[in-house]
Amino acid sequence: MTGSEEWRPVLGWEGIYRVSDLGRALSVRSGQLLTLTVAGNGYFVVTLSWKGVDVKRTIHSMVAEAFIGIRPDGTEVRHKNGTRLDCRAENIHYGTSTENSQDSIRHGTFSPPPDHNSSKEACPLDHLLVEPNLRNSARLTGKRGCRACHQAGTVVSYWAAKGVVLNFEVVANEKYLALRGKVAMC
């Protein structure tokens with residue numbers, strides 16, 4: 001944990017878990033960072049446990065509750081920059097479903113239903129959803145997912161558990177270039 005990172009209790013889990021303004025979660029009991037995983041909907045989730053009960057929570061929701069307050073009725077969490085995996089407090093705010101949809105159009109991440117994943121051409125970071133950048137699940141289910149972003153989520157989560165904060169977009173772009181057989185130039 002760095003000195004500039006602010007930690008607050010997770011709403012409903014006070015004294016058990018804390019969440020930071022950088023989008024990381026911590027077990028108060030063990031002092032360990034929780035492992036972030038990317039759910040099928042593209043958001044970071046963690047598993048909170050207490051007395052044998054496991055609950056999956058999205059990081060962006062926990063950050064919003066801790067740093068903004070309880071979500072008002074009729075609103076949802078929005079990511080200001082349109083990147084679902086950027087869960088820093090400065091990137092999170094509440095808004096209506098309509099505002100969130102307008103955000104996705106403005107960010108270029110909107111895909112109309114139904115079956116929007118099967119026709120998606122690129123992920124929110126503009127990585128083309130073609131081989132070799134398709135997740136293995138895309139071959140089985142037809143739902144297209146970005147392999148580079150999925151791999152980046154795993155790397156960012158791994159290093160976060162060791163106290164190292166990595167920039168998700170930088171890691172994802174490096175993974176994308178590697179998958180496409182290109183070498184990143186420094």
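Of the strands (runs of 3 or more DSSP E) that lie entirely inside region 44-150, those containing 1 or more residues that are modelled with pLDDT under 90 and aromatic (Phe, Trp, Tyr) span 44-50.
Just so you know, in region 86-110 the residues that are touching a residue at least 40 places away in the same chain (Cβ under 8 Å) and touching a helix residue (DSSP H, G or I) at 6+ places or on another chain (Cβ under 6 Å) include one that is surrounded by the most Cβ atoms within 10 Å (Cβ to Cβ), and it is Cys87.
The values are calculated or read from the model by the stated rules, or taken from the named source; none is laboratory data. Remember, predicted model here, so these are calculated numbers, not experimental data. We place every Cβ from the backbone using ideal geometry, glycine too, and count neighbours over all the protein chains shown.
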